[in-house]
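The values are calculated or read from the model by the stated rules, or taken from the named source; none is laboratory data. Source: prediction; values computed, not measured. Surface areas here come from the heavy atoms of the whole protein model, side chains and all, with no ligands, DNA or RNA. Shrake-Rupley method; radii C 1.70, N 1.55, O 1.52, S 1.80 Å.
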Amino acid sequence: MELNHILLFTAIATSALVVLQAFQPQSPGARARAAVVLIASALAWLLARPIAGWLSAIVWCALLVVPAFLRNRAWATRSPYRQSAISVSPVVLALIIVNIAVFILELLAGGSTNPMTLHRLGELDTSSVIFRHQYWRLLAALFLHYGPIHIFFNLFALLLLGPALERQIGGFLFAVCYLVSGIGSSIAVVLLTKLRLLEPVQLVGASGCIMGVVGTWTGFLLRHRHAPLARQRLRNIFVIVLLQLAFDVVTPRVSMSAHLGGLFTGFLLGLLVQTKPVPSTARSRF
């Protein structure tokens, strides 16, 4: 996974969501600035592909991230009880802590990019699952990460997408959807390998779980499509999925099969989970 690709994807994805007014309310001119980021990202990809992500990230930070940070800081100063756009919830916080703890274990056991360390700790080695029946790897691999960049972006995505869903369906159901979606992504990769539609692979990471959160949101919103903002949120999710698939295509060493497996599993779960009644003051935006 290359940082250049990740930065480019992050700049494009968040800017596209701003253009589509995914985040409400927006500051004056936010959509115009986001459009400038998208144009700059496209030009960087066409003219300077090896550093396109870095150039896009600079424009993204200057036009969107820094202004949003300053604006939120000003709001917090004026109103100390104002809720931040990004807030953590109990299960999401627990998952972040567990992933960081396992990452520290990787470092102590030989390094987070050491193939032998990752295999020993439980990477999804499809050959070991199919021929040695090491099914515990289906779960263990979800908490391992290949380097600091990998874990940072996965946990950042979890922080962005997870708390709002947890508040909608409750902590227990959120944890179930997260873990079952991740296992579903692992099973999908193993099955495709067993059917010889994929070459044997070794995978680590929580991205299947994260895509499961996206899938759960999709199924949940389809069941409640008449609720306020449901259609807008579904449109935002559609954009996220398209961008993720595009990212998978252009980025080496990223498993589209695992992402789609987690997304589909999460979608099925989202069709089943019930909403959790919450006070009107606790409702959050996605």
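Distance between the C-alpha centres of the range 42-57 and the range 138-211: 29 Å, rounded to the whole angstrom. For the range 129-208, the fraction of alpha-carbon pairs lying more than 18 Å apart is 49 percent, rounded to a whole number.
Using a 1.4 angstrom probe with every protein chain in place, what is the largest-first accessible-area order of Y135, Y178?
Y135, Y178
Remark: the range 103-171 carries 44 Å² of accessible area per residue (probe radius 1.4 Å; ligands, DNA and RNA excluded).
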